[in-house]
Amino acid sequence: MSTAFDSSSIKKGPLLFVMILGAFIAVLNQTIMGVATPELMVDFDIAASTAQWLTTGYMLVNGVLIPITAFLMQRFTTRELYQTAMVIFLGGTIVSAVAPNFDVLLTGRLIQAAGAGIIMPLLMNVILTVFPPNKRGAAMGMVGFAIIFAPAIGPAIAGYVMEHYSWRTMFYAMIPLAVIVIACAFIYLKNVAERSYPKFDLPSVLLSTIGFGAILYGFSSAGSKGWSSAEVIVMIVVGLVSLILFTWRQLISRSPLSIFAHSNTGCSP
């Protein structure tokens with residue numbers, strides 16, 4: 001069953017605002033933990049290399065989920081996928097806010113990343129589908145502004161919070177924002193693509209997961225272990241080989257995971 005749509009009936013402004021707001025929160029959440037690291041090291045009695053996994057793990061899950069999201073976009077409607085992603089992000093935020101120890105906090109961050117990793121590629125796909133070519137540049141510019149602005153103010157906000165409140169406040173403050181985005185998505189978000197129900201390509205998912213995960217892990221570990229570390233070199237090589245195989249499989253596959261391999265069922269220019 002397809003979910004075709006008439007692009008002329010879609011209010012692009014509210015739709016774009018809701019999705020950009022979700023992307024802004026996701027990117028903002030990625031950058032705020034660096035400032036909180038010293039206090040977390042004291043509270044949980046952990047080393048800096050351990051605390052760094054709150055950021056590294058977040059990036060790893062993000063990177064792994066981006067190509068998988070392409071498959072999910074073909075199986076679920078825009079509203080279903082976006083709201084599910086925001087609910088997952090909200091769940092991870094709540095877990096992080098009440099975390100009694102570092103393990104639970106890291107679990108919450110990884111849950112957050114699972115939701116955030118879906119939002120960005122979904123947003124890009126919606127722009128390519130809804131906006132005609134002559135208006136995509138302006139829409140991409142608005143998205144780019146949100147992506148740049150979030151990490152610019154993230155450390156400043158985190159620094160203010162850490163100076164006056166507990167690190168948990170950063171997560172508690174995210175909860176109402178996520179709830180507002182979910183509510184707005186329920187009201188304004190429309191389904192803007194057709195579902196093609198492709199077969200689940202397990203080899204592609206495994207190759208992309210290993211590829212992106214290994215490369216991100218290798219580069220993240222290089223700072224503490226050094227570029228000459230055997231572990232760093234092996235992870236980067238494994239990641240590159242996996243991504244080469246993943247790319248080759250996408251080129252020969254009838255149902256590639258690539259985000260840009262969707263049929264052009266959006267509005268026509």
### region 21-34 residues that are touching a residue at least 12 places away in the same chain (Cβ under 8 Å), paired with ones that are of a type in the set (Phe, Trp, Tyr) and assigned to a helix (DSSP H, G or I) (beta carbon under 6 Å, 6 or more apart)
Gln30/Tyr58
## Note on the structure
Taking region 129-154 and the residues there that are touching a helix residue (DSSP H, G or I) at 6+ places or on another chain (Cβ under 7 Å) and of a type in the set (A, V, I, L, M), the one that is farthest from Arg79 (Cα to Cα) would be Ala150
### Query
Can you name every residue in region 217-243 that is under 26 Å from Leu122 (Cβ atoms) and either modelled with pLDDT of 75 or more or not polar (S, T, N, Q) (or both)?
Tyr217, Phe219, Gly239, Ser242, Leu243
### Message
Checking the structure you have, find out if any residue of region 166-183 is in contact with a Lys or Arg (Cβ under 8 Å, 6 or more places away or on another chain) and either assigned by TED's automatic domain parsing to the domain that holds Met73 or touching a residue at least 12 places away in the same chain (Cβ under 8 Å) (or both).
### Response
no
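One line per residue, one yes/no per condition, for (1) of a type in the set (A, V, I, L, M); (2) within 25 Å of Met19 (Cα to Cα):
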position: Ala156; (1), (2): yes, yes
position: Met170; (1), (2): yes, yes
position: Leu177; (1), (2): yes, yes
position: Cys184; (1), (2): no, yes
position: Ser204; (1), (2): no, no
position: Leu207; (1), (2): yes, no
position: Gly213; (1), (2): no, no
### Message
Looking at region 113-156 only, could you name the residues that are surrounded by fewer than 13 Cβ atoms within 10 Å (Cβ to Cβ) and without any contact (Cβ under 8 Å) to a residue 60 or more places away in the chain?
### Response
Gly137, Ala138, Gly141, Gly144, Phe145, Ile148, Ala152, Ala156
### Any helices (runs of 4 or more DSSP H) falling wholly within region 2-109 and containing at least 3 residues that are touching an Asp or Glu at 6+ places or on another chain (Cβ under 6 Å) and surrounded by fewer than 20 Cβ atoms within 10 Å (Cβ to Cβ)
none
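The values are calculated or read from the model by the stated rules, or taken from the named source; none is laboratory data. Given the structure is predicted, the values throughout are model-derived calculations rather than measurements. Backbone-built Cβ (ideal geometry, glycine too); neighbour counts: all protein chains shown.
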